[in-house]
Every structure is written in structure tokens, then in C-alpha cells.
1. Where the accessible area of region 1-70 is counted over protein heavy atoms with a 1.4 Å probe, how much of it, in %, is carbon and sulfur?
2. When Lys and Arg each count +1 and Asp and Glu each count -1, what net charge do the other residues less than 15 Å away from C19, Cβ to Cβ, add up to?
3. Using Cα pairs under 8 angstrom and six or more residues apart, how large is the relative contact order of the chain, in percent?
4. Let me spell out the model: positive unit charges on the Cβ of Lys and Arg, negative unit charges on the Cβ of Asp and Glu, origin at the Cα centre of the chain. What dipole size does that give, in debye rounded to 20?
5. For region 1-62, with every protein chain kept in place, what is the accessible area per residue (1.4 Å probe, Å²)?
6. For the chain, count the residues as N, evaluate 2.2 N^0.38 Å, and divide the Cα radius of gyration by that value, please.
7. Projecting each Cα onto the charge dipole of the chain (Lys/Arg +1, Asp/Glu -1 at the beta carbon, about the Cα centre), which of T53, F3, G68 comes out farthest on the positive side?
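The values are calculated or read from the model by the stated rules, or taken from the named source; none is laboratory data. The shown structure was predicted, so the numbers you read here are calculated from the model rather than taken from an experiment. Heads up, the Cβs are rebuilt from the backbone with ideal geometry, glycines too, and the neighbour counts pull from every protein chain shown. Side chains are part of the model used for accessible areas, which takes the heavy atoms of the whole protein and leaves out ligands, DNA and RNA. Shrake-Rupley method; radii C 1.70, N 1.55, O 1.52, S 1.80 Å.
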Amino acid sequence: MYFYVYILICKNGKHYTGCTSNLKERLNRHFNGYVESTKNLRPLKLHCYFTFTDKLTAFQFEKYLKSGSGRAFANKHFGFNKSS
């Protein structure tokens, strides 16, 4: 089984980070407005995703990307601006 950490670009230019074991189904839920935190930020675009074989590692990476240093990492390496 695989676990995925994904980053979406929202219509307002900000990014959303999430984690799932079923990337295709989760993205469909985001794109169709069934996820509360992104339903008003559509259209959404998948920017990138990372695949893990270990659930804990995937959730730790998601948590890191949502931290201050993780946001700085994403800004530097994924080209997001400082306000994202």
C-alpha cells in the first residue's frame, strides 16, 4: 500500500497540502467540492505529490510541510511565493 502527500494550487494562488492512501479518489473529492477546506477555493490544480510506503512517514512529511520551516522549504523548492 502507498501513501501520498500532495500539494494543490488554489484559485487564490495559495497552496493546500494533504495526505491520503487513495490519491485519485481524494483529488476527485477536492475537485468536485466535497472537501470542506477547499470547496470554496476551486478550481484547484495538482502541483505535485510524493509517494511513501510508510504511513507514519507520509503523515510526518505532511505535518512538516505545514510547519513554518516546511512552508519555507516549499516556497524555496516549489516556487511558491512567501504569502502562500
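1. Values: 2240 of 4350 Å².
Within region 1-70, the accessible surface is 52 percent carbon and sulfur.
2. Details: positive: K24, R26, R29, K55, K63, K66; negative: E25, D54, E62.
With Lys, Arg at +1 and Asp, Glu at -1, the neighbours total +3.
3. Working: 117 pairs, mean separation 29.3, N = 84.
Taking the mean separation of contacting Cα pairs over the length of the chain, I get 35 percent.
4. Working: 14 positive and 4 negative charges, 62 e Å.
Result for the chain is approximately 300 debye, rounded to the nearest 20.
5. Numbers: 3850 Å² over 62 residues.
Computed with neighbouring chains in place, this is 62 Å² per residue.
6. Against the empirical 2.2 N^0.38 Å value, I get 1.05 for the chain.
7. Towards the positive end, the residue furthest out is G68.
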